[in-house]
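Engineer: Quick one: this structure, given as structure tokens, is what I'll be asking you about.
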Amino acid sequence: MKAVVNKEGCISCGLCVSTCPEVFAFDENGIAEANGQITDSNFASAESARSSCPVAVIDIVES
């Protein structure tokens, strides 16, 4: 599985980055991006980041 961030809607609040830094990071423009694979060990925190996103721009999809 992998996470996908709709960068056009991201407000750079940092919630996903702080919740699951193994998967999410800020790009050079300060917008969140998914840069890591979702594994069994980080799935719960990636799902929490997705469901907590205040603008709902994170999806988790099959890779």
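Engineer: Is it fair to say residue 53 is among the hydrophobic types (A, V, I, L, M, F, W, C), open to solvent by 50 Å² or more (accessible area, probe 1.4 Å) and at negative phi?
Structural biologist: Judged against the criteria, residue 53 is not a match.
Engineer: Follow-up question, since we're still on this one. Specify the residue that is nearest to residue 63 (Cα to Cα); the eligible residues are those in the stretch 19-29 that are open to solvent by 30 Å² or more (accessible area, probe 1.4 Å) and not hydroxyl-bearing (Ser, Thr, Tyr).
Structural biologist: Taking the candidates together, the pick is 22.
Engineer: If residue 16 meets every condition in (1) open to solvent by less than 30 Å² (accessible area, probe 1.4 Å); (2) in a strand (DSSP E or B) apart from one, which number is that one?
Structural biologist: Here residue 16 clears every test but (2).
Engineer: So which of 11, 38 is open to solvent by 60 Å² or more (accessible area, probe 1.4 Å), at pLDDT 95 or above and β-branched (Val, Ile, Thr)?
Structural biologist: That would be 11, the only listed residue that is open to solvent by 60 Å² or more (accessible area, probe 1.4 Å), at pLDDT 95 or above and β-branched (Val, Ile, Thr).
The values are calculated or read from the model by the stated rules, or taken from the named source; none is laboratory data. Please read all numbers here as calculations on a predicted model, not as lab measurements. Side chains included, ligands, DNA and RNA excluded: accessible areas come from the protein's heavy atoms. Shrake-Rupley method; radii C 1.70, N 1.55, O 1.52, S 1.80 Å.
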